[in-house]
Structure formats: structure tokens, C-alpha cells
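Written out below as C-alpha cells is the structure these notes cover.
The values are calculated or read from the model by the stated rules, or taken from the named source; none is laboratory data. These figures come from a predicted structure and were not determined experimentally. Methodologically, a virtual Cβ is constructed for each residue, glycine included, from the backbone with ideal geometry; neighbour enumeration extends over all protein chains shown.
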């Protein structure tokens with residue numbers, strides 16, 4: 001697409017006009033190339049061309065290749081806005097609950113509820129209804145729920161955060177667009193949204209080094225670290241460089257044990273998510289920093305320390321935006337190359 005910009009300047013305002021020139025090649029009659037033109041050139045139906053343009057898996061590879069050759073020969077380019085509108089209208093006419101999204105709550109935690117709230121707000125902004133449903137514990141129950149949603153016409157699934165990888169093999173994923181909200185890779189793997197935990201821990205190392213720390217420790221409970229896909233630990237190991245890793249092996253609820261570990265390992269700076277450990281620190285508080293603010297909300301007095309603020313609602317909102325794009329284009333099923341969108345927080349009290 002090319003454009004020409006014309007500026008008219010006065011003492012009060014600047015007027016900008018932009019004329020869009022399409023990249024479509026005209027037909028012999030001078031009009032724009034359409035789906036019908038491509039269909040006639042390839043010797044297939046219009047709906048087949050539409051499916052190829054939308055990258056549908058319903059078209060045979062040989063037929064898709066023939067259609068793509070016709071598209072290249074004629075110079076056809078789809079209008080993304082019209083394509084999305086057409087997909088929405090055709091889907092909405094056929095699906096009773098096509099405007100409903102389902103949030104599958106996998107763990108029932110406050111963290112997941114915060115993610116759902118973000119998803120709910122963004123769903124409302126885009127015109128969707130959203131329902132929260134606890135994830136059934138058995139594959140049989142999951143298979144039944146999958147059929148219920150399919151026959152209702154629901155096509156959009158948001159898979160909530162979880163402490164462990166989840167097996168979604170009982171779901172007919174070819175019938176849905178789905179986005180996973182969290183760092184873990186479920187089975188089958190799908191598009192997902194998560195906080196950039198690796199970058200957060202790596203940045204924490206840089207902050208502590210700038211404050212004079214040379215023996216930096218890592219103190220995050222196993223269950224919480226697993227939830228990040230071990231990205232916090234990966235960022236820590238990358239950030240400390242040649243330093244010997246100092247990973248706290250004890251219970252995060254035991255400040256006294258933490259103190260003993262800190263003294264024995266000669267830790268002079270630590271990153272954690274557990275406010276309970278601060279009473280066992282006994283050193284400069286600017287060398288005790290938090291990798292997120294989730295547990296700090298229970299005790300706001302700790303927010304005077306250095307911490308990484310992570311907007312959990314932003315995970316849900318971004319998931320809805322990705323899902324909306326796929327639904328508009330009727331892109332159902334598991335993608336061949338799933339994408340992971342990483343959201344970064346911001347450091348406070350540096």
C-alpha cells in the first residue's frame with residue numbers, strides 16, 4: 001500500500017489528507033481483482049478461494065497451491081477490514097452463541113480471578129459476553145463440556161493460568177479458537193500470553209549488581225516457579241553470569257531457615273516473591289527485591305521496597321484481543337506454529 005500526504009498549514013491548524021492506493025492489480029476492464037476473478041482463473045468455487053485466503057485447513061494442499069498461483073498471477077490482495085466483517089457476519093448468522101467467550105478457570109486462585117477480570121473488561125469493550133467455567137477434573141467431563149459449548153455455537157476459549165501443564169486432548173480443538181493465559185505450555189500447544197518472567201529476573205540481577213551485590217540469591221517457592229515455566233530461574237541463572245547459583249532450598253514460610261541459609265551461603269542480595277522472608281533477611285532492604293507484587297497486596301507496607309509490578313489483568317485482555325483476531329478470520333484449531341506473547345511489567349522504587 002502506498003500513500004501521498006498533503007499538508008496545509010495555517011496559524012491555527014495543520015490539515016492532513018491521505019489518499020490510499022491499493023496494491024491490487026486491475027483486471028482488463030480496469031476494476032479491482034475479486035474472489036470471483038481468482039476462482040475463475042483457478043477453476044474452483046468462490047468459497048474455496050475464500051478458505052485459502054483465510055488459511056483454512058479444509059482445502060487440499062494441491063487445490064490451495066492452484067489458488068495461490070491464481071492469486072499471484074492476478075495480483076489479488078484481500079481487504080482485511082472487509083474480510084473480517086464478512087467472517088463475522090457469516091459466523092454470527094450460523095452460531096447462536098458466537099459472541100460468547102469461555103474462560104476455563106484451571107486453578108480457582110485469586111491470581112486467575114484477576115486475569116479473568118482483565119479478560120472480562122476487554123471482552124465487554126469488543127462486544128463479547130464472557131463466562132467463567134471451572135475446568136472439569138476428568139477427561140470425560142471435559143469432552144462433554146466441549147460438545148456442550150460446540151452445540152451452543154461457542155467458538156472462543158480462554159484457558160486460565162495453572163500450576164501445572166494441562167492435557168486438553170479431550171477437547172475438540174479443531175472446532176475452537178483458543179488462547180492459553182500463562183507461561184506453561186499445555187498439550188496440545190496453542191497461542192499463549194504470559195508475563196516476561198525471564199526478563200524480570202534478569203533485570204533484578206542487574207539492579208542488585210548495581211547496588212553492590214556479588215552473591216545474589218534466588219528464593220521462590222517451587223510451586224510458584226513452576227507456574228512460570230521455570231522462566232524466573234532461567235532469568236536468574238542468565239543474569240548472575242559466572243557467579244555460583246545460590247538457590248534457597250527451604251520453605252518460603254520459614255524466615256528462620258531462610259536466615260540460616262543466607263548466613264551460610266553469604267548471600268548479599270536476593271530476589272523473591274515472598275514477603276514472609278524479609279524478617280529473616282537482616283541486611284540492607286534495598287538488596288531484598290520482589291519479582292512481582294501479587295503477594296505484596298496482602299501487606300501494602302512492603303511496597304516501599306523495590307518490586308516489579310505485573311498487571312495480571314493485562315494477560316487476560318491481551319488474550320481476548322488475540323482471540324478476537326482469530327474469531328474474526330474463523331481461524332479454528334491448533335496453529336502449526338503457536339505464538340507466545342510476553343508482557344513486561346515495570347519496576348518501582350528503584
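In the stretch 302-346, what residues are assigned to a helix (DSSP H, G or I), within 16 Å of the chain's Cα centre (by Cα) and closer than 19 Å to residue 110 by Cβ?
312, 313, 314, 315, 316, 317, 319
Of all residues in the stretch 295-313 being touching a helix residue (DSSP H, G or I) at 6+ places or on another chain (Cβ under 6 Å) and in contact (Cβ under 8 Å) with a residue 60 or more places away in the chain, which is nearest to residue 182 (Cα to Cα)?
312
Conditions tested, residue by residue: (1) within 30 Å of residue 165 (Cα to Cα); (2) surrounded by 19 or more Cβ atoms within 10 Å (Cβ to Cβ).
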{"residue": "212", "(1), (2)": "no, no"}
{"residue": "220", "(1), (2)": "yes, yes"}
{"residue": "269", "(1), (2)": "no, yes"}
{"residue": "292", "(1), (2)": "yes, yes"}
{"residue": "306", "(1), (2)": "no, yes"}
{"residue": "311", "(1), (2)": "yes, no"}
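Does residue 283 qualify as being surrounded by fewer than 18 Cβ atoms within 10 Å (Cβ to Cβ), in a loop (DSSP other than H, G, I, E, B) and out of contact with any helix residue (DSSP H, G or I) (no Cβ under 9 Å at 6 or more places or on another chain)?
no
Of all residues in the stretch 213-242, count the ones that are outside any loop (DSSP other than H, G, I, E, B) and free of Cβ contacts under 8 Å to residues at least 40 places away in the same chain.
The qualifying residues number 9.
Tally time: how many residues in the stretch 147-170 are in contact with a strand residue (DSSP E or B) (Cβ under 9 Å, 6 or more places away or on another chain), under 22 Å from residue 56 (Cβ atoms) and at pLDDT 90 or above?
Number satisfying all stated conditions: 6.
Tell me the residue from 65, 39, 73, 61 that is at pLDDT 85 or above, more than 30 Å from residue 151 (Cβ to Cβ), touching a helix residue (DSSP H, G or I) at 6+ places or on another chain (Cβ under 7 Å) and surrounded by fewer than 16 Cβ atoms within 10 Å (Cβ to Cβ), please.
73
Given the conditions (1) under 20 Å from residue 115 (Cα atoms); (2) modelled with pLDDT of 95 or more, report the number of the one that residue 191 does not fulfil.
Of everything listed in (1) under 20 Å from residue 115 (Cα atoms); (2) modelled with pLDDT of 95 or more, residue 191 misses just condition (2).
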